[in-house]
Amino acid sequence: MPARIEDYALIGDMQTAALVSRDGSLDSMCLPRFDSSAVFAHLLGTEDHGFWRIGPAHPSHRPAPSAARRRYLPSTLIVESEWDTPTGRVRVTDFMPPRDGTPQTVRIVEGIAGTVVMRSALRMRFGYGRIVPWVTTTNEGRLHAVAGPDSLWLDTAATMYGQDETTYADFTVRAGERVSFVLSWQPSHQAPPPVPDASDALESTEKFWSQWSSHCTYNGPYRDALLRSLITLRALTYAPTGGIVAAPTTSLPEVIGGSRNWDYRYTWLRDAAITLSSLLRTGYREEARAWCAWLVRAVAGDPENLQIMYGIAGERSLGETELDWLPGYEDSRPVRVGNGAAHQLQLDVYGEVAMTLHAARQAGLGPGESAAHIQVKLVEYLESVWEQPDEGMWEIRGPRRHFVHSKVMAWAAVDRTITLVESGGAIVDACVVERWRELRSTIHAEVCDRAYDPVRNTFTQSYGSRELDASLLLIPQTGFLPATDPRVMGTIDAVRRELSTPDGFLLRYPTAGAEPGLDGLEGDEGAFLACSFWLVDALAMSGRADEARTLLEQLLALRSDLGLLAEEWDPVRRRQVGNFPKAFSHVAMCDSFLQLAAHDQAGSSR
């Protein structure tokens, strides 16, 4: 069966990614893009659905996963794994070179001490584990696998042989010796890719990531953790367009054995928007500029039909289907590809877009006249729909509601666009701007009237409801109300009291177990990690920095040994769940570091 979610390492080339477990098994990889079909799908099924394991050949020499030592090379996305065996010590280095043509996965086996007999077992399965390729060996000793439009090439000096529709290589490494494997993808109609040089690829990949990491301008507390998150976010960025995927995986469950399994290999506007904020504040202006350009292209031409998510190149059609031949991660069904939430009405995205463009302008990026025109068009459309109920930021699959977070973000969209006009960034008739000022006041008054429970001193999830929602913690970040407003402080305490798990982390909102809940779905879920980081921010902004730091330390302890976070934390099984690694979790963590650093700096300047 596949490993625990947090026991995987991420490697990638900023166009796709792979997950490698502690025992050396590459269990998830889509080619040639993040959203392509998988060639290794063991993560969502069995070994019959594709994997590539490199490790000690003798079963008794394979250490338990907990005994494996691994690390990322400093400031890179290159992972090293070491195993001790009765006969020696061996290291495997895994990475994907930043792409310059053919996508490649490089695995270098190096003897450290003694002698170790190793085995590579490669089971290629295209189409999410459904298609067995036709495998041949060329006169030059290159392995070639073909299935329809796809082909893979394996280059290695080790002797290969086929058995049970799997390609094996048994070889011995001694101290100081290296054996390399390079797997390349190529459209099947094209000529073979050049024979790669693994050593050169390692050197150039390490140089790329080290240079990129050197641009980080943050030098405050938790810098190593922040840089690891930034590297992860960069790995989740589709380099050709600047689009940022929410995660490189699909259908990793929010509860083991449950059905809340979604495809996150797309670009959510809100995820990418808050990512831009972190990039800007840590020195990565070019990445922020690329995302702004992606946003303008994706939205352009049809701003009235703004989607909550797009494909990594701006595609709009993300139809959702189920892969019934895959049993799912630890029997968590169904396995889904595509995402049917793409066409939901989520009013908060208008605010996300406006706040993102506002932040870009403040940073001097100057998104340009096109972006300003689109922002104005979005608010003109928002005028006609803001009073409607929507599916909210959590993409409920039940009846629409008047979600408070959606209304607050609609207010933010109008507010930032008024600022745009007042600063000269867009030309709009004076009567229109006055109408928007009235609208801004109307939304604010309505939220304070219909969403606030004076008896409990808290805002609620939606108009007229008693339920709470962790997204309410974002109210002060939008500027809707200050964090020290008694209503906001009451909301912070209420959310913490009513949505905390026994270990002190936050649920997004209440769920109903076996019955369909407010979100229209059966089952429960774990603590949503981004929400707990929002609580860190809210506590710090409201003057409770010590409590914020205590919670932040608890959250940092949930990271994997490589510093990675999934979407959620299962407080019962005490393990990470949901798609992995999750951009939202890492951005929220970065924001908490920056928030506390700003708080400390403000305190020292007084």
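Spacing of the modelled spin labels on residue 463 and residue 224, each 7 Å from Cα toward Cβ, amounts to 5.1 nm.
In the chain, Rg over Rh equals 0.99, where Rg is the alpha-carbon radius of gyration and Rh the Kirkwood radius from pairwise Cα distances. Would you mind pulling out the separation of the Cα centroids of region 292-356 and region 84-109, in Å? After rounding, the separation between the Cα centres reads 33 Å. Each label was represented as a point 7 Å from its Cα along the Cα-to-Cβ direction; for residue 452 and residue 87 these points are 7.4 nm apart. Using C-alpha pairs below 8 Å separated by at least 6 residues, the relative contact order for region 5-190 is 20 percent.
Subtracting the Cα-Cα distance of residue 380 and residue 259 from 0.36 nm times their residue separation leaves 39.7 nm of extension gain.
By its C-alpha gyration tensor, with a ≥ b ≥ c as the square roots of the eigenvalues, how is region 189-263 shaped: rounded for a/c under 1.5, else prolate for a/b larger than b/c, else oblate? Cα axes put region 189-263 in the oblate bin.
With a Förster radius of 45 Å applied to the C-beta separation of residue 178 and residue 433, the computed FRET efficiency comes to 0.10.
What ranking do 586, 444, 58, 358 get, fewest neighbouring Cβ atoms within 10 angstrom at the top?
58, 444, 358, 586
For the chain, averaging the sequence separation of C-alpha pairs within contact (under 8 Å, six or more residues apart) and dividing by the residue count gives a relative contact order of 12 percent. Among the GluC sites (Glu not before Pro) in region 514-589, those located in a DSSP loop and surrounded by at most 16 other Cβ atoms within 10 Å of their own Cβ are 522. Taking 20 °C and 1.002 mPa s as the conditions, I'd like the Stokes-Einstein D for region 5-190 in µm²/s, using the Kirkwood hydrodynamic radius from alpha carbon pairs. Here the translational diffusion coefficient equals 130 µm²/s.
Given R₀ = 60 Å, what would the calculated FRET efficiency be for residue 503 paired with residue 300, taking r from the Cβ atoms and rounding to 0.05?
Taking R0 as 60 Å, the efficiency between residue 503 and residue 300 is 0.85.
Spread over its residues, the convex hull of the C-alpha atoms of region 329-415 is 140 Å³ per residue. With N the number of residues in region 364-442, Rg(Cα) / (2.2 N^0.38 Å) evaluates to 1.20.
Membrane-span-like helices in the chain, defined purely by DSSP H runs whose alpha carbon atoms cover 20 Å or more axially and whose average Kyte-Doolittle hydropathy reaches 0.0, are 369-385, 404-422, 583-605. Calculated on C-alpha atoms, the gyration radius of region 255-349 divided by its Kirkwood radius gives an Rg/Rh of 1.05. Label-to-label distance, residue 100 versus residue 164, with points set 7 angstrom from Cα along the beta-carbon direction: 4.1 nm. With r defined as the distance between the Cβ atoms of residue 550 and residue 239 and R0 fixed at 45 Å, what FRET efficiency is calculated, to the nearest 0.05? Result of the calculation: an efficiency of 0.70.
No lab work stands behind these numbers, since they all come straight from the coordinates. Everything quoted here is computed from the prediction, not taken from an experiment. Please note: Cβ atoms are built from the backbone with ideal geometry, for glycine as well, and neighbour counts cover all protein chains shown.
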